[in-house]
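Heads up, the thing below is written out as structure tokens.
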Amino acid sequence: MEHSNFPLKSWADAAPRLIAIAAGREAADLVVRGGQWVNVHSREVLPGHDIAVADGRIAYVGPDAGHCIGPETEVIEAEGRFMIPGLCDGHMHIESGMLTPAEFAAAVIPHGTTTMFTDPHEIANVLGLAGVRMMHDEAQMQPVNIFTQMPSCAPSAPGLETTGYEITADDVAEAMQWPGIIGLGEMMNFPGVIAGDRKMLSELSVTQRAGKTIGGHYASPDLGHAFSAYVAGGAADDHEGTCEADAIARVRQGMRSMLRLGSAWYDVESQITAITRKGLDPRNFILCTDDCHSGTLVNDGHMNRVVRHAIACGCDPLVALQMATINTATHFGLERDLGSLTPGRRADIILTSDLTSLPIERVIARGRTVAMDGRLLVECPHYAWPEEARATVRLGKALEPEDFAIAAPEGPTP
């Protein structure tokens, strides 16, 4: 497999060449020809379109990119298939898959996921800020986009659990300066926010002052004053809704409602009726997985599974795709960088022959084919994990087989 650590130019740095290619003065690196362009900005499908790519970004989208093709240009024939943006997971935890960022990327790239927004709070519980940095650094090495949210709550339930480390407001402030940090991870201590806990408010404050997104976690059916107080703290989204009323309450208060389908959570069907029946604006809804075990990834898929499920629940396929692409990018302030197949954006492209069953037939990330027909074609580089990160399970004694014996009660069982 090809080594995939590919540096990506900013739009500003790539713009001179993108302009020259769109104008026909220079040749593109890649042209995807003869596809149906799924435009998630206008919610249209436009047949007979081409996409020209250079330096990992889209230079031109139109009915004929012949003027962008030179002798060294790679040409991919779409053959009438749909060209859709790479899928985005708006909220997830890599550790829930029992994997590192590299191995998680390797698992989901063939399913069409090219962007992830991940909160590594599990490793924060064990290794603190150092562990978060390791996850962040390996994420930055991947051929797809993995943005890190700085964990906000370690421990997640103060007084009810003992963690190896405690995340502080100073830790959050430091992490906000890292290149791959997109915001604050889910603020699970919602009672602390509502009560005005100084530590929680400090974390919210440093995130807002850094101009980054605060992830929400409001796991309560109370949609009264407590919910209003939590929203006033700055949480921009929430994935803990379980019913239509939850989804509606969140978007009415200016939050993005994240509908999740993972290995443990099945909250899309019960909430998507806010769109399909109540007619709320779908641009304020985002699809995500939250927690996906490796078995789910292997057997069922990743964001492609969530999109298919949303469609099966009655959602228009183009709306479902918006909820897994441009809606997510817009929420995190990245609409001008990814989430659609338009000039300047990262060239993250999926070719699929059907918008409902959504077979992932070819995956292009940053202008290079990274998977075809379920096969990964690139290497996902690994961070050099130190020994202290590999030996974090400490038991009071060496376990023997008899330690796992469970004695049956004496006498007949009821």
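The values are calculated or read from the model by the stated rules, or taken from the named source; none is laboratory data. Remember, predicted model here, so these are calculated numbers, not experimental data. So basically every Cβ, Gly included, is an ideal-geometry build from the backbone, and we count neighbours across all protein chains shown.
Every residue, every condition in (1) more than 15 Å from Pro343 (Cβ to Cβ); (2) buried (at least 23 other Cβ atoms within 10 Å of the Cβ); (3) at pLDDT 95 or above; (4) not aliphatic (A, V, I, L, M), yes or no:
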{"position": "Glu2", "(1), (2), (3), (4)": "yes, no, no, yes"}
{"position": "Asn5", "(1), (2), (3), (4)": "yes, no, no, yes"}
{"position": "Ser10", "(1), (2), (3), (4)": "no, no, yes, yes"}
{"position": "Arg17", "(1), (2), (3), (4)": "no, no, yes, yes"}
{"position": "Ile21", "(1), (2), (3), (4)": "no, yes, yes, no"}
{"position": "Gly35", "(1), (2), (3), (4)": "yes, yes, yes, yes"}
{"position": "His41", "(1), (2), (3), (4)": "no, no, yes, yes"}
Quiz prompt | Of the criteria (1) of a type in the set (A, V, I, L, M); (2) surrounded by fewer than 23 Cβ atoms within 10 Å (Cβ to Cβ); (3) touching a helix residue (DSSP H, G or I) at 6+ places or on another chain (Cβ under 8 Å); (4) assigned to a loop (DSSP other than H, G, I, E, B), which one Ala384 fails | solution = (3)
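Residues are listed down the side, and each one gets a yes or a no for (1) of a type in the set (A, V, I, L, M, F, W, C); (2) on the phi > 0 side of the Ramachandran plot; (3) modelled with pLDDT of 95 or more; (4) in a loop (DSSP other than H, G, I, E, B):
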{"residue": "Leu223", "(1), (2), (3), (4)": "yes, no, yes, yes"}
{"residue": "Glu240", "(1), (2), (3), (4)": "no, no, yes, yes"}
{"residue": "Ile248", "(1), (2), (3), (4)": "yes, no, yes, no"}
{"residue": "Ser257", "(1), (2), (3), (4)": "no, no, yes, no"}
{"residue": "Ala264", "(1), (2), (3), (4)": "yes, no, no, yes"}
{"residue": "Ala274", "(1), (2), (3), (4)": "yes, no, yes, no"}
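Does Ile182 fit the bill of being at pLDDT 95 or above, part of a strand (DSSP E or B) and out of contact with any Pro (no Cβ under 9 Å at 6 or more places or on another chain)?
Details: at pLDDT 95 or above: yes; part of a strand (DSSP E or B): yes; out of contact with any Pro (no Cβ under 9 Å at 6 or more places or on another chain): yes.
Yes.
Residues in segment 281-301: is at least one under 14 Å from Glu95 (Cα atoms), assigned to a helix (DSSP H, G or I) and over 17 Å from the mean Cα position of the chain (by Cα)? Walk me through it before giving the result.
In the first step, residues of segment 281-301 are kept if they are under 14 Å from Glu95 (Cα atoms); the result is 289-297.
Narrowing further to those that are assigned to a helix (DSSP H, G or I): 294-297.
Checking which are over 17 Å from the mean Cα position of the chain (by Cα) leaves us with 295.
Taking every residue of segment 281-301 in turn, at least one turns out to be under 14 Å from Glu95 (Cα atoms), assigned to a helix (DSSP H, G or I) and over 17 Å from the mean Cα position of the chain (by Cα).
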Quiz item: Is it true that some residue in segment 82-93 is surrounded by fewer than 24 Cβ atoms within 10 Å (Cβ to Cβ), touching a residue at least 40 places away in the same chain (Cβ under 8 Å) and either in contact with a Pro (Cβ under 6 Å, 6 or more places away or on another chain) or more than 17 Å from Ile349 (Cα to Cα) (or both)?
Solution: yes
Self-check item: Members of segment 38-68 found to be part of a loop (DSSP other than H, G, I, E, B), hydrophobic (A, V, I, L, M, F, W, C) and free of Cβ contacts under 8 Å to residues at least 60 places away in the same chain, listed by number
Solution: Ala65
Practice problem: Hey, can you tell me all the residues within segment 95-128 that are modelled with pLDDT of 95 or more and part of a helix (DSSP H, G or I)? | Solution: Pro101, Ala102, Glu103, Phe104, Ala105, Ala106, Ala107, Val108, Ile109, Pro110, His111
Quiz item: Which pairs have Cβ atoms under 9 Å, sit 6 or more apart or on different chains, and link a residue in segment 391-412 that is not assigned by TED's automatic domain parsing to the domain that holds Gly131 to one that is outside any loop (DSSP other than H, G, I, E, B) and not β-branched (Val, Ile, Thr)?
Solution: Thr392/Leu127; Thr392/Gly131; Lys397/Asp403
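Table: residues versus (1) modelled with pLDDT under 95; (2) of a type in the set (Val, Ile, Thr); (3) within 29 Å of Gln208 (Cα to Cα); (4) surrounded by fewer than 24 Cβ atoms within 10 Å (Cβ to Cβ).
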site	(1), (2), (3), (4)
Thr328	no, yes, yes, no
Arg336	no, no, yes, yes
Leu341	no, no, no, no
Arg346	no, no, yes, no
Glu361	no, no, no, yes
Thr369	no, yes, no, yes
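Let's see how each residue does on (1) under 20 Å from Leu160 (Cβ atoms); (2) surrounded by 20 or more Cβ atoms within 10 Å (Cβ to Cβ); (3) not assigned by TED's automatic domain parsing to the domain that holds Met176:
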{"site": "Ile194", "(1), (2), (3)": "yes, yes, no"}
{"site": "Glu203", "(1), (2), (3)": "yes, yes, no"}
{"site": "Gly211", "(1), (2), (3)": "no, no, no"}
{"site": "Gly216", "(1), (2), (3)": "no, yes, no"}
{"site": "Asp222", "(1), (2), (3)": "yes, no, no"}
{"site": "Ala226", "(1), (2), (3)": "yes, no, no"}
{"site": "His239", "(1), (2), (3)": "no, yes, no"}
{"site": "Glu244", "(1), (2), (3)": "no, no, no"}
Practice problem: Could you list, in sequence order, all residues of segment 146-179 that are among the β-branched types (Val, Ile, Thr) and either out of contact with any Gly (no Cβ under 7 Å at 6 or more places or on another chain) or in a loop (DSSP other than H, G, I, E, B) (or both)? | Solution: Ile146, Thr162, Thr163, Ile167, Thr168, Val172
Quiz item: Just a yes or no: is a residue in segment 69-80 assigned to a strand (DSSP E or B), under 21 Å from the mean Cα position of the chain (by Cα) and closer than 24 Å to Asn304 by Cβ?
Solution: no
Quiz item: Does Asn39 count as in the same structural domain as Gly241 (by TED's automatic domain parsing) and not aromatic (Phe, Trp, Tyr)?
Solution: no
